[in-house]
Amino acid sequence: MKNRKLLSGNKAIAEAVRLSEVNVVSAYPITPQTSIVEYLSEYIARGELNAQFVQAESEFGVMSACIGASSVGARVFTATCSQGLALMHELNYVAAGLRLPIVMAVTNRQLSQPLGMWCDHSDAMGERDSGWMQIYVETCQEAFDTVIQAFKLSESREVLLPTMVCLDGFILSHTSEPVEVLDQEQVRDFLPAYKPDADYHTLLDVKKPLAAGGGCPPAFTMEFDYKKYDAQEKGREMLRKVDEEFGETFGRRYGLVEAYRCEDADAILVAMGTMVGTAKDVADELRSQKGWRVGVLKLRSYRPFPKEEVLKAACGSKAVAVVSRAISYGIGAPVFSDIATAMSNASKKPVLLNCIAGMGGRDVDKKSLAAVFEKAIKAGETGKAENEVEWVGLNRNLVGG
Amino acid sequence: MSKPYWTKENFPITPNIRNPAGSLAFKCGQWRSVRPVIDEKKCTKCGLCVLYCPDDAVVKNEKDVMEIRYDYCKGCGICENECPVKAIKMIVEVQQK
């Protein structure tokens, strides 16, 4: 008998964290993340989760507390977004560099200026190169499942890097969907307690003292960078394995990407997060109403980047439109650059469209995605993209062009 | 001679220092601009310089004499400051002309 509940994205995250039996939660409130840690503090207060809740003075303090707690062998969770994530920036590199398997939910929200609390991926993109793994989820169930997968992925000995579970602020964090909440025993079997080893992990143990977080001369630093890079490479394989095992145990698997109707597609739309669901609907409609062969490629694992999966799913098409909720000023969409990098040595390359959409909570509706598909189909036929960067849903009456 | 602290066999995932001898691999004596010199006649061998030295660069040697390990002494001057009988003096390494 499946235990199905109507949960918001944030509640789904909190439930998964409870079932993951974390030892320490440290957080500072920021919209739209706050309710995740409010739920967790309630669980702790009611005795449903045996953990320490550390409210810090800022997100800088939060990540510091997470690093400290993880360094003594605790399973640690935190959640933040936007300015909060930006304030953690320096410590995010420390957490990854010390190879601490912290899991953090990021309810993606825009960065000031302009100040706003709505969804885009600018915040998490700022942490793209920190060494953290990043998984973008589409549904509340996926948010729930991914938290449990993330702990297993991060804590695996070959990987040992922290993971961000990214969910679209408000669009997913505050939308309720039916979610199958797993049984505690099942989760415990899948995700046993974190048991770091003092001879291998960063572990502060009075019986085996060590100094962590100190200086390192140039003679060794690049080697440690290489080890971190290699850990992400292994993380890609490990996420495949963890996802497969999750699927065998619980009946749901997501892959590193989801290729939706891509096999015969002339044009493929690449996206992350909730936009993917809308894009799948649009693809279905365009196929049935206009007879266009279009598909959607959902990027679930953004770091490590699923190079092989992207090549396999997208290189057979004529055009690929990468639709991003983030901007890299001076070039276009950050995800576009990643897709272009992945395809750089491919023998057959589709035309690539660099699209920016949904910034600062701008609605990405069916009509605007249908327009993107239309541009992609056209680009596939002509062999070139019409514009260097496509601004989807931009009000040209205000800015011209 | 100290052997390299890290080799292929023991290279860790992150630069944690697991024993204090770790600093043997990193000779920081060349950072020094002033050097401590001990006046043996004044020294009472109380050992406060050994305790206060942040780099473990002062040792009591086999002849029972206080000795500065100049490979590791950064020249901070804490020993001079702490010596109760003023037996340690900081000498400028290179005099500017």
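Since every read-out is calculated from the coordinates, none of them should be taken as a lab result. All values reported here derive from a predicted model rather than from experimental measurement. Note that each Cβ is placed from the backbone with ideal geometry, even for glycine, and that neighbours are counted across all protein chains shown.
Overview of values
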quantity	calculated
Over the range A:303-347, relative contact order from alpha-carbon pairs under 8 Å, at least 6 apart, %	38 percent
Bins of 5 Å from zero: percent of alpha-carbon pairs in chain B	2, 12, 21, 20, 15, 12, 8, 6, 3, 1
Span from the the range B:45-88 Cα centroid across to the the range A:313-375 one, whole angstrom	65 Å
Most mobile of A:A105, A:A45, A:A265 in a GNM of chain A (Cα contacts under 10 Å)	A:A45
Cut-off under 5 Å, modelled amide H: who pairs with A:G73 long-range	A:L204
Other protein chain Cβ atoms within 10 Å, averaged over every residue that makes up A:192-200	1
Antiparallel bridge percentage (DSSP; both residues within the range A:4-250; nearest 5)	25 percent
Residue order, fewest to most surrounding Cβ atoms within 10 angstrom, among A:L115, A:L19, A:L100	A:L115, A:L19, A:L100
For A:210-217, mean number of other protein chain Cβ atoms within 10 Å	5
Other-chain or far-sequence residues with amide H under 5 Å of A:L269's (modelled H)	A:G295, A:V296, A:L297, A:A321
Dipole magnitude (debye, nearest 20) for the range A:258-399, charges at Cβ of Lys, Arg, Asp, Glu	80 debye
Share of pairwise Cα separations in the range A:4-250, more than 26 Å, in percent	34 percent
Distance violations [Cα-Cα > 32 Å] among A:K5/A:K234; A:K5/A:K152; B:K8/B:K89; A:K152/A:K312; A:K298/B:K8	A:K5/A:K234; B:K8/B:K89; A:K298/B:K8
Potential extension, A:Q83-A:D197 segment - 0.36 nm per residue separation minus Cα distance	37.6 nm
Dipole in debye (nearest 20) - the protein assembly as shown, about Cα centre, beta carbon charges: Lys, Arg +1; Asp, Glu -1	980 debye
Neighbouring partner chain Cβ atoms per residue of A:154-161, average, 10 Å criterion	1
Given charges at beta-carbon only (K, R positive; D, E negative), |dipole| of the range A:4-250 in Debye	460 debye
Antiparallel DSSP beta bridges within the protein assembly as shown, as percent of all bridges there, nearest 5	35 percent
A:D129 versus A:K208: modelled label distance in nm, points set 7 Å from Cα along the beta carbon direction	3.5 nm
Proximal charge balance of A:Q184 [Cβ under 12 Å; K/R count +1, D/E count -1]	-4
For A:S26, residues with placed amide H under 5 Å, excluding near neighbours	A:V54, A:F77
Estimated FRET transfer efficiency (A:C315, B:F11; beta-carbon r; R0 35 Å; 0.05)	0.40
Burial order of peptide ranges A:302-314, A:6-18, A:65-77, A:220-232 (average beta-carbon count within 10 Å, highest first)	A:6-18, A:65-77, A:302-314, A:220-232
Quarter of Cα convex hull surface for the protein assembly as shown, i.e. mean projection, nm²	32.5 nm²
Average Cα contact separation per residue, chain A, under 8 Å, 6 or more apart, as relative contact order %	15 percent
For the range A:343-354, 3J(HN,Hα) per residue [Karplus equation, 6.51 cos²θ - 1.76 cosθ + 1.60, θ = phi - 60°, Hz, x = Gly/Pro]	8, 4, 10, 6, 6, 10, 10, x, 5, 10, 10, 9
Using θ = phi - 60° and Karplus 6.51 cos²θ - 1.76 cosθ + 1.60, couplings along the range A:220-230 (whole Hz; Gly, Pro as x)	10, 4, 5, 5, 6, 4, 4, 4, 5, 4, 4
Relative contact order [Cα under 8 Å, 6+ residues apart], the range A:1-51, whole percent	43 percent
10 Å beta-carbon shell around A:E386, net charge (K/R +1, D/E -1)	+1
HN-Hα J in Hz across the range A:94-111 - Karplus 6.51, -1.76, 1.60, θ = phi - 60°, x for Gly and Pro	5, 4, 5, x, 7, 6, 9, x, 6, 10, 10, 8, 10, 8, 3, 9, 4, 9
Cβ crowding within 10 Å averaged over residues, with A:22-31, A:344-353 ranked highest first	A:22-31, A:344-353
Of A:A69, A:S82, A:V276, farthest towards positive along the dipole that unit charges on Lys, Arg, Asp, Glu beta carbons give chain A	A:V276
